[in-house]
Amino acid sequence: MRHPYSTEPDLQIIPIEKIRLPLKSRDELPPILAGLQWIWMHSTLKAEILALLEAKVLAGKKATGRTGMDLWQILVLGVVRLDSTRTGSDGRPWPIIICL
């Protein structure tokens, strides 16, 4: 059974809405993360997106077993992965460094 996101945040984790992203970066990742942060702060939009993702991920599966990743984690990793597979005009992939 997957959950939308962890309702009890860790004490050592900075809340998503308080994370400061670099504004003067030439990397493609900060604007993507800013968009995800904006989605996180709008609860109705976040609920709709996670409901669509839950319907797609859990289609035809029982609601039992291990928890797995939260739906929010799946969304973030999927969006970052899709951006990392984009290619430039020369056909080479754009490099993205992800610090986890």
Applying the gyration tensor rule to the Cα atoms of region 19-87 (axes a ≥ b ≥ c; rounded if a/c under 1.5, else prolate if a/b exceeds b/c, else oblate), the class is prolate
How about K18: which lysines have a C-alpha closer than 28 Å to its C-alpha, ignoring those fewer than 8 places off in the same chain? K46
Cβ crowding within 10 Å averaged over residues, with 15-25, 67-77, 43-53 ranked highest first: 67-77, 43-53, 15-25
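Every number in this text was worked out from the coordinates using simple rules, so none of it is lab data. Quick caveat, the model's predicted, so the values are computed rather than measured. We place every Cβ from the backbone using ideal geometry, glycine too, and count neighbours over all the protein chains shown.
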